[in-house]
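Right, one structure below, let's go through it.
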Amino acid sequence: MSSSERFDCHYCKDSLLGKKYIIKEETQYCTKCYENLFANCCEACSLPIGCNFKDLSYKDHHWHEQCFKCAKCSRSLVEKAFAAKEDLLLCTECYAHDYSSKCSTCKKTIMPGSRKMEYKGNSWHETCFLCHRCQQPIGTKSFIPKDSSYFCVPCFEKQFAYQCCACKKAITTGGVTYQDKPWHRECFLCIGCRRQLSGQRFTSRENYPYCLECFSNLYAKKCVGCTKPISSLAGAKYISFEERQWHSECFTCMRCSVSLVGRGFLTQRDDLLCTDCGREK
């Protein structure tokens, strides 16, 4: 550097030759100007944190290293775990004593930062929240409460859930009871067509469930007129004569098709005729 070149503080213009200085954004400052312009104030003592001190920060707040202490017991928090409560910094011991919840199983404090389980206002260490049956930690798995205990889903199904009499698996939600036996809704099927019967009208024969259509096709009497099943289960009206049955709408004269319901009729071999057609030669 030639004698004509100067190396001055950017702010106060004092020469920095042979002095300590600080570079900020490619600009040099003497230590005094840098502290006045840029140094953070300590949250504890309110003094600037100068160049000769370590600046410790947490959530846009700053402390001298020697001022970074627990607000209750005054122990240093430097390189130690701590917790914040209402703008105060506390060591984990003080925080746990005053604010941490207690484990419902072991009754010990759940330390800040440790994994815990919470349910309906109660808290547990993760390793203390166990299935009542298998005694294994439930962790993040699904669980089912019963009385004052908690069960993992497999244990609850083994101990309490009904077993579907069709697939033999546990019924955890819903279900159907038929002849005092439990079924999954999706397993309660017509023995004929295998359609689901849950929510549908059905009947049974020899302890087997049938939808009305299958039962009619298999067991209902057939109409002499249309040959289709007559199902009283579906609310259909029918006429019976000499061990033969007709749908009400099918009980008509074989010649003129007039309805014979509620009126006299004549027989001609197996045919039924209205009185007018019966008198004709």
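The values are calculated or read from the model by the stated rules, or taken from the named source; none is laboratory data. Given the structure is predicted, the values throughout are model-derived calculations rather than measurements. We place every Cβ from the backbone using ideal geometry, glycine too, and count neighbours over all the protein chains shown. Keep in mind that these areas ignore ligands, DNA and RNA; they rest on the heavy atoms of the full protein, side chains included. Shrake-Rupley method; radii C 1.70, N 1.55, O 1.52, S 1.80 Å.
Miscellaneous remarks
- Residues that are assigned to a loop (DSSP other than H, G, I, E, B), among the small types (Gly, Ala, Ser) and more than 27 Å from Lys116 (Cβ to Cβ) are absent from segment 53-69.
- When Cys42, Cys51, Cys9 are screened for being in contact with a Leu (Cβ under 8 Å, 6 or more places away or on another chain) and surrounded by 16 or more Cβ atoms within 10 Å (Cβ to Cβ), only Cys9 passes.
- Of all residues in segment 81-131, those being open to solvent by 70 Å² or more (accessible area, probe 1.4 Å), in a loop (DSSP other than H, G, I, E, B) and β-branched (Val, Ile, Thr) number 1.
- Criterion: out of contact with any Gly (no Cβ under 7 Å at 6 or more places or on another chain) and not hydrophobic (A, V, I, L, M, F, W, C) - qualifying residue of His132, His184: His132
- Any hit, segment 95-107, residues being out of contact with any Pro (no Cβ under 8 Å at 6 or more places or on another chain) and farther than 30 Å from Ser142 by Cα: yes
- Test: Gly199 is open to solvent by 60 Å² or more (accessible area, probe 1.4 Å), under 45 Å from the mean Cα position of the chain (by Cα) and without any contact (Cβ under 8 Å) to a residue 60 or more places away in the chain: yes
- Residue within segment 210-217 that is surrounded by fewer than 15 Cβ atoms within 10 Å (Cβ to Cβ) and either more than 30 Å from Asp271 (Cα to Cα) or among the aromatic types (Phe, Trp, Tyr) (or both) present: no
- Pair list, Cβ < 9 Å and 6+ apart or interchain, from segment 264-281 residues that are open to solvent by 40 Å² or more (accessible area, probe 1.4 Å) to residues that are of a type in the set (Ser, Thr, Tyr) and in a helix (DSSP H, G or I): Gly264/Thr275; Phe265/Thr275; Leu266/Thr275
- Scanning segment 25-63 for residues that are touching a residue at least 24 places away in the same chain (Cβ under 8 Å) and charged (D, E, K, R), we see that the one that is farthest from Ala81 (Cα to Cα) is Glu43.
Per-residue answers, yes or no, for (1) touching a helix residue (DSSP H, G or I) at 6+ places or on another chain (Cβ under 9 Å); (2) open to solvent by less than 40 Å² (accessible area, probe 1.4 Å):
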site	(1), (2)
Lys181	no, no
Gly192	yes, no
Ile230	yes, yes
Ser240	no, no
Arg244	no, no
His247	no, yes
